[in-house]
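All remarks here apply to the structure that follows.
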Amino acid sequence: MKKMFKAAISLVLALTLVVGCSAVGFAADDSCDCGKTPVIFVNGIGGVILSADENGNEFSIFPIENDAMISTILTYLPPAIINGIFGGWDSFAVSLDKMVTELFIGMDCDNEGNSVLPAYADDCDAVTVDEHMGDNEFDFLYDWRLDPYVSAAKLDAYIDEIIEVTGHDKVIINAYSEGGEIALAYFDEYGSEKVEMFISQCSAFQGLTLIGKLFTNQCSVDANQLYNFLMTMLPVVNVDQGVLDLLTVLKYTGIYNILSNLVNKILDECFDEIYAGFATDVFACMPGVFNFVPAEYYDDAVEMVFGDDPQYAELVKKIDKYHNAQVNAEEILKEAQANGMAVAFVSHYGIAPMPLVGDVCYQTDGLIDSANSSGGATFAPMDAPFDASYKQAVADGHNHVSPDGAVDASTCMFPENTWFVAGFSHWNYSTNLIDWLVAYDGQPTINDNAEFPQFLVGDTVENTVSAW
Ligand SMILES: [Zn+2]
Ligand SMILES: [Zn+2]
């Protein structure tokens with residue numbers, strides 16, 4: 001294990017040197033006066049992670065290469081089903097566990113949260129003047145399993161390289177999903193001196209309830225919420241009305257009850273095995289994933305997953321560090337804003353939570369709680385908007401309640417700098433809003449542009465937004 005870790009560190013060092021040396025070669029002598037601050041796009045979970053075998057042949061450990069996935073599923077799934085039918089739930093769970101372990105084996109992290117296989121993310125965009133003069137967006141890729149502070153260190157080096165090559169003294173960070181976690185770790189560790197604006201889109205910087213429930217053994221499926229999720233998620237991905245009508249008809253057949261009962265039965269009967277094999281072994285040792293646990297679930301999740309087991313002491317120390325940043329996010333970001341960094345939050349809402357969190361129907365973007373991605377807005381439940389008698393929680397002299405009665409933005413960390421898009425999922429993109437933010441000089445607010453007030457409606461075909 002130690003050797004593997006050393007090999008991984010050496011590889012990272014070697015790559016850093018290579019990248020660092022090429023940067024010197026292209027360094028600009030003078031500052032650039034093009035007026036376009038370089039933008040770094042910090043993507044979310046799911047970027048390509050590579051490894052190499054002893055002969056130097058590169059292979060992908062995520063996404064799992066198709067052949068490997070198919071052969072593993074074909075090897076383990078039929079016996080799992082047969083065991084499920086004839087051998088009872090225990091055998092089913094054991095087979096399922098074997099399949100999952102085999103599928104994700106290349107992705108394992110050790111008890112300290114480091115990759116077991118030497119691993120590295122796919123290349124970031126090359127830092128060149130051409131890229132800056134072109135679309136000016138530098139894609140930052142990282143191993144999303146790792147400690148957000150490891151990724152933040154890599155981001156800091158990437159920022160330095162961009163500053164050096166482009167001749168600008170600051171960058172814009174446009175962070176999406178897990179990218180928000182990496183950005184917050186970055187501000188916590190390195191401050192905001194080199195950042196002109198932080199754009200946070202559907203960001204996981206405050207975690208998500210789904211992961212909190214997963215790591216505290218509280219997942220369950222509710223028939224109504226299964227239906228609500230499908231009916232609110234599918235229109236966003238532009239599914240035909242006919243399909244939605246069919247799903248409504250199916251509601252009266254009781255199919256959602258049957259499905260939810262089946263899944264709950266599996267969760268009840270096999271949860272310990274699934275939990276040990278999948279949730280804990282595979283994902284809990286990835287600090288980048290464990291740090292999606294929201295603050296209110298954190299202590300219970302740590303207790304439940306790691307207990308007092310000393311072999312996880314280092315890992316718990318790592319995840320504690322981000323947890324503290326998550327709790328202190330408002331302070332960290334307000335200090336950055338006071339020091340001249342602009343902030344802009346974009347939060348999507350209008351979709352019921354994934355049907356694994358029981359009988360609750362709070363607002364999400366299909367993955368992340370909208371209350372979390374907005375930095376603390378107050379949301380009405382999906383099915384019960386605020387009524388006419390609703391009083392805005394913080395009376396700051398302007399209206400922060402949305403026209404559809406779903407959002408009260410007055411409780412946000414940044415009520416004047418947070419935009420809400422109704423009917424956009426986690427996977428939509430507010431192209432025109434982001435373009436405007438990126439080009440804005442200074443701290444944009446919800447009152448600066450009649451096209452982009454606080455409350456917006458998303459066009460899921462064009463991926464643009466407009467005022468209500
Ligand atoms: Zn320039
Ligand atoms: Zn206000």
Query raised in the report: In whole percent, what relative contact order does the chain give with Cα contacts below 8 Å and a gap of six or more residues?
Result: 16
Report task. State the extension gain, in nm to one decimal, for the chain segment bounded by Asp268 and Thr253, taking 0.36 nm per residue of separation less the distance between their alpha-carbons. Result -> 3.0 nm
Query raised in the report: Taking Cα centroids, how far is the stretch 357-433 from the stretch 47-105 in Å?
Result: 39
Query raised in the report: Over the stretch 170-221, what is the mean sequence separation of C-alpha contacts under 8 Å (at least six apart), divided by residue count, expressed as relative contact order in percent?
Result: 45
**Report entry** Charge sum, other residues only, whose C-beta stays under 14 Å from Phe198's C-beta, Lys/Arg counted +1 and Asp/Glu -1
**Finding:** -3
Query raised in the report: Which Cα, out of Ala223, Pro355, Val327, lies furthest along the positive dipole direction of the chain (beta carbon charges, K/R +1, D/E -1)?
Result: Ala223
Report task. Sort out for me the Cα centre separation of the stretch 213-270 from the stretch 157-194, rounded to whole Å. Result -> 40
Query raised in the report: Once label points are set 7 Å from the Cα along Cα→Cβ at both Val243 and Asp359, what is their separation, rounded to one decimal in nm?
Result: 2.9
**Report entry** Percentage, to the nearest whole number, of Cα pairs in the chain over 38 Å apart
**Finding:** 27
Query raised in the report: Rg to Rh for the stretch 59-166: what is it, with Cα atoms only and Rh by Kirkwood?
Result: 1.20
Query raised in the report: What are the ³J(HN,Hα) values, in whole Hz, obtained from phi via the Karplus relation 6.51 cos²θ - 1.76 cosθ + 1.60 with θ = phi - 60°, for each residue of the stretch 350-362 in sequence order, with x given for Gly and Pro?
Result: x, 10, 5, x, 3, x, 10, 10, x, 8, 9, 9, 8
Report summary line: Computed about the Cα centre, the charge dipole of the stretch 181-254 from +1 Lys/Arg and -1 Asp/Glu charges at the Cβ has a magnitude in debye, to the nearest 20, of 340
Query raised in the report: Hey, what D do you get for the stretch 400-468 in µm²/s if you plug the Kirkwood alpha-carbon radius into Stokes-Einstein at 37 °C and 0.692 mPa s?
Result: 264
Query raised in the report: Using only Cα atoms, what is the ratio of the radius of gyration of the stretch 35-93 to 2.2 N^0.38 Å?
Result: 1.92
Query raised in the report: Which chymotrypsin sites (Phe, Trp or Tyr not before Pro) from the stretch 220-316 combine a DSSP loop assignment with at most 10 other Cβ atoms within 10 Å?
Result: Tyr252
Report task. Go through Lys98/Lys317; Lys194/Lys321; Lys321/Lys391; Lys213/Lys321; Lys265/Lys321 and tell me which ones have a Cα-Cα distance over 28 Å in this structure. Result -> Lys98/Lys317; Lys321/Lys391; Lys265/Lys321
Requested in this report: Please get the size of the charge dipole for the chain, origin at its Cα centre, with Cβ charges of +1 on Lys and Arg and -1 on Asp and Glu, quoted in debye to the nearest 20.
Outcome: 840
Requested in this report: Based on other C-beta atoms within 10 Å, arrange Val239, Val346, Val316 from fewest to most.
Outcome: Val239, Val316, Val346
Requested in this report: Take every Cα-Cα distance within the stretch 314-468, group them into 10 Å bins from 0 onward, and report for each bin the whole-number percent of pairs it holds.
Outcome: 10, 36, 37, 15, 2, 0
Report summary line: Neighbour-count ranking for Thr166, Thr128 (other C-beta within 10 angstrom, fewest to most) reads Thr128, Thr166
Query raised in the report: How high is the FRET efficiency between Glu189 and Asp169 when r is their beta carbon distance and R₀ equals 30 Å, given to the nearest 0.05?
Result: 0.95
Report task. Could you pull the Cα extents of the stretch 144-298 along its three principal axes, largest to smallest, in whole Å? Result -> 64, 40, 23
Query - Convex hull projection area averaged over all views, the stretch 110-235, Cα basis, nm² - result: 10.9
Query raised in the report: Projected onto the charge dipole of the stretch 380-462 (+1 at Lys/Arg Cβ, -1 at Asp/Glu Cβ, origin at the Cα centre), which of Met413, Ala393, Gln443 gives the Cα projection farthest towards the positive end?
Result: Ala393
**Report entry** Residue order, fewest to most surrounding Cβ atoms within 10 angstrom, among Phe104, Phe455
**Finding:** Phe104, Phe455
Query raised in the report: Suppose every K and R has +1 on its Cβ and every D and E has -1 on its Cβ; what is the size of the dipole of the stretch 148-290 about the Cα centre, in Debye to the nearest 20?
Result: 560
Query raised in the report: Membrane-span-like helices in the chain: DSSP H runs reaching 30 Å or more (Cα, own axis), mean Kyte hydropathy at least 0.5?
Result: 2-26
Query raised in the report: Can you pull the percent of Cα pairs in the stretch 287-399 with separation above 25 Å?
Result: 40
Report summary line: Among Phe104, Ala380, Asn291, the residue whose Cα sits farthest towards the positive end of the charge dipole of the chain (+1 at Cβ of Lys and Arg, -1 at Cβ of Asp and Glu, taken about the Cα centre) is Ala380
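Since every read-out is calculated from the coordinates, none of them should be taken as a lab result. As the structure is a prediction and not an experimental result, all values here were calculated from the model. Please note: Cβ atoms are built from the backbone with ideal geometry, for glycine as well, and neighbour counts cover all protein chains shown.
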